[in-house]
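Read the structure below first, then the notes.
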Amino acid sequence: MRAVVIGTGGGIGAALADALEEEENDVVRLARADLDLTDEPGIAAAAAKVAKADMVVVATGLLHDTDHGPEKALRDLDPVWLARQYAVNAIGPALVAKHFLPIMPRTGRSVFAALSARVGSISDNRLGGWYGYRASKAALNQLIRTLAVEDKRRNDRGIVVALHPGTVDTRLSKPFQQSGRDLFQPGRAAVQLLDVLDALKPGDSGKLFAWDGTEIAP
């Protein structure tokens, strides 16, 4: 199997690529230097260079940077930061799908997956806060659903899904890790996510699944 992992500069992306290689797959690793999610011509060029893929995993996400963290209250909303989160968490993966789905098989099983988050579930939101991250991941979940509907016309065996990896010990989660909660090392998280993908069927396309294989409601 030829697999493309986007986001291999991060902990989960690198671990996913390692795990796929251990299973003797042909793996293409794309870090930010190779593919910037905010640069559509660069995404298109990367897809053209890859040429073909049976699996594509977008293992990226933006929760905080050196100047911004997740918003705790309405007063913290900043339009520039909100737009940045949408660009990376929702628009970027959609543009990857725009250019990479066409190079995936038109018959037989194929998998396109993007890392999302449980906090993107609207029905599961009971704590509030984290406006931009929640909203951009909810947007990603909707985009995945819409992509799945269209891709079914291209390949009725294709699978397009969003994945919630749980809390993983990476730079993204580091400031927000809490004692007493499950904290996965990247290697374990990668194996769990690949196990979920291996078990999926075409009828699961368009959905959001947690690391343990359970479906998360929108």
Completion exercise
Stokes-Einstein D for the stretch 1-107 (4 °C, 1.567 mPa s, Kirkwood Rh from Cα pairs), in µm²/s, comes to 87
Exercise for the section: Calculate the spin-label point distance for residue 109 paired with residue 156, positioning each point 7 Å from the Cα along the beta-carbon direction, and give it in nanometres. Expected result: 1.8
Handout entry: Charge dipole (the stretch 1-134, unit charges on Cβ, about Cα centre) - positive-most of 50, 3, 132
Key = 132
Practice task
Could you work out the relative contact order of the chain, using alpha carbon pairs under 8 angstrom and six or more residues apart, expressed as a whole percent?
Solution key: 22
Problem - Listed residues 25, 88, 13: farthest to the positive end of the dipole of the chain (Cβ charges) - result: 88
Problem - Assigned charges on the beta-carbon of Lys, Arg, Asp, Glu; the chain dipole about Cα centre (debye) - result: 580
Exercise for the section: For n ≥ 4 DSSP H runs only, could you compute -39500 (n - 2.57) per run for the chain, divide by its residues and tell me the 222 nm figure to the nearest 500? Expected result: -11500 deg cm²/dmol
Fill in the blank from the handout: Carbon/sulfur accessible area of the stretch 56-199, % of total, 1.4 Å probe, equals 54
Fill in the blank from the handout: Taking every DSSP bridge whose two residues both lie in the chain, the antiparallel percent to the nearest 5 is 5
Exercise for the section: Output the peptides 73-84, 20-31, 47-58, 109-120 sorted from most to least packed, where packing is the average of other Cβ atoms within 10 Å over each peptide's residues. Expected result: 109-120, 47-58, 20-31, 73-84
Exercise for the section: Could you do me a favour and compute the accessible area per residue for the chain, 1.4 Å probe, result in Å²? Expected result: 49
Problem - Surface accessible to a 1.4 Å probe, residue 182 within the full protein complex, Å² - result: 100
Handout entry: For the stretch 1-53 and the stretch 64-122, distance of Cα centres in Å
Key = 16
Problem - Student exercise, the stretch 97-218 dipole from Lys, Arg, Asp, Glu Cβ charges, in Debye to nearest 20 - result: 340
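The values are calculated or read from the model by the stated rules, or taken from the named source; none is laboratory data. Please read all numbers here as calculations on a predicted model, not as lab measurements. Note that each Cβ is placed from the backbone with ideal geometry, even for glycine, and that neighbours are counted across all protein chains shown. Calculation scope for accessible area: heavy atoms of the full protein, side chains included, ligands and nucleic acids excluded. Shrake-Rupley method; radii C 1.70, N 1.55, O 1.52, S 1.80 Å.
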